[in-house]
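Below: one structure, written as structure tokens.
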Amino acid sequence: MKLLIIVQVAVLYATCLHDVKGRESTTEESSNAEPSALFKRKMHAYLTQLDVNKDGKLDKREYVDLTTERSRQALPSWRSKVVYAILSASWGTWFSNEHNQYKQSVTVDEWIELLKIANANFTSNSKFSEWCEDWFDTINLDCGEDISVDEFGKFLVIFHSALPPEVPFNTTDQDGNGVITGQEFANGCAQFYYNQNDPETAFFYGSPDN
Ligand SMILES: [Ca+2]
Ligand SMILES: [Ca+2]
Ligand SMILES: [Ca+2]
């Protein structure tokens, strides 16, 4: 299975080569300060969106398996295998790691604490930028230079959004030209995880309750 996923990822990059030169890391130094009320609300809305059984905790089945399952409705099967690979790695990076003794599920408060640690690591090793690029490539179905509203709509289906795609699409399409470039996607992704006070970029995953 692992070999298959590696092959699928290799196919993705071979099939869908893109210009990454213009993309710069958009992450900022993470802060040890108490998260803002808006930051807590957007993380709560995002986690609730993925918490399918609504028990107030996100577990691996919900984050990895059910999210991959939704991706099968939206993407060709080989791209869903890439989704599985991205999410499996993310689960260990963000939700279940040595900092919480590899807990099997997390509340939003526990996750915010883990994010502080993970974001500090992302800043130092560019993993965060790679993660954004992996998602950009995975949902860039026509292998073009940018993401259309239809492609972004599939990203929102995968992340269980209840919002029409136009709302988060328009806040991510910073220059308003009707497409999301790799840089705009990376900016939107980074703003979601780092910006404490901007209500617009809180819509990145289509979470309605900001
Ligand atoms: Ca749950
Ligand atoms: Ca595209
Ligand atoms: Ca744009």
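The values are calculated or read from the model by the stated rules, or taken from the named source; none is laboratory data. Note that this is a predicted model, so its numbers are computed, not measured. So basically every Cβ, Gly included, is an ideal-geometry build from the backbone, and we count neighbours across all protein chains shown.
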Every residue from the stretch 137-183 that is of a type in the set (D, E, K, R), buried (at least 16 other Cβ atoms within 10 Å of the Cβ) and touching a strand residue (DSSP E or B) at 6+ places or on another chain (Cβ under 8 Å): 146, 173
I'm checking my understanding of the structure. Among residues of the stretch 45-91 that are free of Cβ contacts under 8 Å to residues at least 60 places away in the same chain and among the aromatic types (Phe, Trp, Tyr), which one is farthest from residue 133 (Cα to Cα)? 63
Residues that are of a type outside the set (A, V, I, L, M), surrounded by 16 or more Cβ atoms within 10 Å (Cβ to Cβ), within 16 Å of ligand 3 (Cβ to nearest atom) and over 21 Å from residue 39 (Cβ atoms): does the stretch 116-136 have at least one? yes
Considering each of 65, 55, 59 in turn, give the residue that is closer than 26 Å to residue 162 by Cβ and in contact with an Asp or Glu (Cβ under 9 Å, 6 or more places away or on another chain). 59
Residue check, residue 178 at pLDDT 95 or above, on the phi > 0 side of the Ramachandran plot and outside any helix (DSSP H, G or I): yes
Out of all the residues in the stretch 156-182, which are within 11 Å of ligand 2 (Cβ to nearest atom) and within 18 Å of residue 84 (Cα to Cα)? none
Inside the stretch 144-191, can you point out the residues that are farther than 21 Å from residue 67 by Cβ and among the acidic types (Asp, Glu)? 145, 146, 166, 173, 175, 184
Looking at the stretch 150-168, is at least one residue part of a loop (DSSP other than H, G, I, E, B) and free of Cβ contacts under 8 Å to residues at least 12 places away in the same chain? yes
Do you know which residues across the stretch 173-197 are under 13 Å from the mean Cα position of the chain (by Cα) and among the polar types (S, T, N, Q)? 187, 191
So residue 112 passes all but one of these: (1) more than 17 Å from residue 186 (Cβ to Cβ); (2) hydrophobic (A, V, I, L, M, F, W, C); (3) surrounded by 19 or more Cβ atoms within 10 Å (Cβ to Cβ). Which condition number does it fail? (3)
